[in-house]
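All remarks here apply to the structure that follows.
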Amino acid sequence: MGWIYLLLAGACEILYAAAMPKTNGFTQLWPSLFCATFIAGSMYLLLLAARSIPIGTAYAVWVGIGAVGTAIYGMLALGEDHSPLRLLCFMLIISGIVGLKLLAPGQYQAM
């Protein structure tokens, strides 16, 4: 269940990061409330995930999901740079996330 919480926490991370520009420095009420709700949700779900996933792994995966997801949003919705080198860097982050999942306790047998 911890990995599901972690994926949901990452999704909340993407939602609040995408909403941040619309808050205009947290001066716009509804975008700010949306943003704050998803910040709180993201932190709570990370807390739940950390009950069964080591905090270092959980935090790294959470940040990675948020960073890559927000970058994808920026490229698709905001027209941000999507050069091949930038995409390669994001693929490296994704491979790190997958690696952390594969090496999570209980996912492999010691040799």
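One table, with the values for the structure above:
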quantity: Quarter of Cα convex hull surface for the stretch 2-102, i.e. mean projection, nm²; calculated: 6.6 nm²
quantity: Highest to lowest packing among 74-82, 33-41, 62-70, 92-100, scored as the average C-beta count within 10 Å; calculated: 62-70, 33-41, 92-100, 74-82
quantity: Tilt relative to the chain, helix 29-49 - C-alpha long axis, 0 to 90 degrees, to 10; calculated: 10 degrees
quantity: Net charge over other residues, Cβ less than 15 angstrom from the Cβ of residue 6 (K, R count +1; D, E count -1); calculated: +1
quantity: 15 Å beta-carbon shell around residue 74, net charge (K/R +1, D/E -1); calculated: -1
quantity: The stretch 46-111 and the stretch 3-35: distance between their alpha carbon centers, rounded to Å; calculated: 18 Å
quantity: Whole-Hz couplings from phi, Karplus 6.51/-1.76/1.60, listed for the stretch 83-93; x for Gly and Pro; calculated: 5, x, 5, 5, 4, 4, 4, 5, 5, 5, 4
quantity: Gained length - residue 4 relative to residue 78, 0.36 nm times residue gap less alpha-carbon distance; calculated: 23.8 nm
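No value in this document is a laboratory result; all are computed from the given coordinates. Note that the coordinates shown come from a computational prediction; the quantities given were computed from them, not determined experimentally. Quick reminder, even Gly has a Cβ in these numbers, built from the backbone with ideal geometry, and neighbours come from all protein chains shown.
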